[in-house]
Amino acid sequence: MLTQIARTSKTTRSWIVLTAVALAAVLAFLVESMPTAQAATPPGLHVSGSKIVEKNGTPFVARGVSHPHAWYPSQTAATIPAVRAAGANALRVVLSSGARWTRTSAGEITSIISQCKENQLICMLEVHDTTGYGEEAAASSLDAAADYWVSVKSALVGQEDYVQLNIGNEPFGNGSNVSNWTSETSAAIQKLRSNGLRNQIIVDAPNWGQDWSFTMRNNAATVFAADPDANTVFSVHMYGVFDTASEVKDYLAAFTSKNLPIIVGEFGNLHSDGDPDEDTIMAEATRLGLGYYGWSWSGNGGGVEYLDMVTDFGPTAFTPWGTRIFNGADGIKSTAKTATIYGGPAPTPTVTPTSTTEPTATPPTDACTAVYSTGSSWGGGFTGSVKVTAGSSALRTWSVTLSLPSGTSIATAWNGTLSGGNKIANASWNGSLAAGASTEFGFQGAGPASGVSVASCSAS
């Protein structure tokens, strides 16, 4: 609860009152001016209407999963490239403020962000200690979570293009304090802003994230207005409460119809409180251009092990839930687009052709070049990336053949189409390159990374 400030006694001398009023007016003017300047110049990921957009104005639609770093920190280095290799463009990382689990340090956060950037993932960081506050006795408040974010500010400043801050996971249970969600969420946002944190903020709904009381839905505009940067996104967790198509559609439409940004921050295909309609969740998010994050990569316990996407953190040991969310209809692999900050696709302008006859050109011998580099590596596997650059003429398609040493193979690729085991052709959106322009694709390999090289680059 907010502490009430004692009022000045009525017996205070009038000249002190006048002086205080004058000083307050000056301070109010200065404070009022600062947020306006900030909101006019978003430093990275920011809200535009009901959409999340990058600094250059390109919409970013998250397709990601959650990884429980707070409980399995030793699995993070292998999980991040594996999630990327599976096709995701975003990762939600579970951290701890130290209230319930081992505190995640600023140094750990710096490492996590670096690994996300290496693997071209937009990184959402969340404090999990707030889960069920008011109903779960061990849970901490949003105010305490805000204090944690301020304490690790050194790891976050300058990362606004890449990092979102999910202030606290499911910050209220179903207790009587749910009515405080609006004021306490607003206060936490303002604490972050007043301490110089400019990252995009994500706020979770109460009722264990599912908002069956419609507290977040009905008060979202008030909370959004509390952010001087106008850069707060609302997150609903869809489990048993959202077991019909109409419930999913109506809830999301309540935000988009009011031009308020909303994502599905967690969901599953099964749950102890009911059977979520994951098909509608994914289809509706795709139709509306909204982000979604499935729960979770691996490590679940307490009877919800069915929510693991892979078994025992095995990078390709997909469970039925993992197969569904990554490879099914409206799944991650078919709908994720890499953020443009990493070289992903920017919107293509519509051009009216002046002629129906297209000339045929023979690309020169230096049609394209390709340069390989190793990203992350671990026991038995690695990630690699290849930068493809057009030569002196524009390209419509390109293809790179890699030379692989004995014992090395490519499991999967992104931003390109893998065929024949070692040949990667352009994706549908990055084949056309102007003369001298570049694009990049990546892949996950099995076996040793040493000895991998580019055999050829061809184009048309």
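A helix-only calculation puts the chain at -8000 deg cm²/dmol for mean residue ellipticity at 222 nm, using -39500 (n - 2.57) for each DSSP H run of at least four residues, averaged over all residues. Put a plus charge on the Cβ of each Lys and Arg, a minus charge on the Cβ of each Asp and Glu, and nothing anywhere else: the dipole of segment 203-272 about its Cα centre is then about 160 debye.
Remark on Ser140: its backbone amide H falls under 5 Å from those of Thr130, Thr131, a criterion applied only to residues 5 or more positions apart or on other chains, H modelled at 1.01 Å from N. Here the Karplus curve 6.51 cos²θ - 1.76 cosθ + 1.60, taken at θ = phi - 60°, turns the phi angles of segment 62-73 into couplings of 5, 10, x, 9, 9, 10, x, 4, 4, 9, 9, x Hz, with x standing for Gly and Pro. Between amide H atoms placed 1.01 Å from N, distances below 5 Å from Glu440 occur with Val388, all of them 5 or more places distant or on a separate chain. All other residues whose Cβ lies under 11 angstrom from that of Gly291 are scored, Lys and Arg at +1 and Asp and Glu at -1, for a net of +3.
For a straight C-alpha distance cut-off of 20 angstrom, the aspartates and glutamates reachable from Lys249 (same-chain residues fewer than eight places away being disregarded) are Asp204, Asp211, Glu266, Asp273, Asp275, Asp277, Glu278, Asp279, Glu284, Asp330. How high is the FRET efficiency between Thr222 and Ala253 when r is their beta carbon distance and R₀ equals 25 Å, given to the nearest 0.05? Working from the Cβ atoms, E equals 0.80. In segment 124-235 the Cα-Cα distances spread across 5 Å bins starting at 0 as 2, 14, 26, 26, 18, 9, 4, 0 percent of all pairs. With one equal scatterer per alpha carbon and no solvent term, the Debye-computed log10 I(q)/I(0) for segment 43-341 at 0.08, 0.12 1/Å reads -0.28, -0.68. Which whole DSSP H helices in the chain pass both tests: a Cα extent of 20 Å or more along the axis and a mean Kyte-Doolittle value no lower than -0.5? Helix filter hits for the chain: 14-40.
In this structure, the amide hydrogen of Ile52, modeled 1.01 Å from its nitrogen in the peptide plane, lies closer than 5 angstrom to those of Phe60, counting only residues at least 5 positions away or on a different chain.
Listed by chain and number, the aspartates and glutamates whose alpha-carbon sits under 16 Å from that of Lys423, ignoring those within fewer than 8 places in the same chain, are Glu440.
Computed from the coordinates by the stated procedures, all read-outs in this text should not be read as laboratory data. Since this is a predicted model, take the numbers as computed values, not measurements. Because the Cβ atoms are built from the backbone with ideal geometry, glycine has one as well, and the counts that use them run over all protein chains shown.
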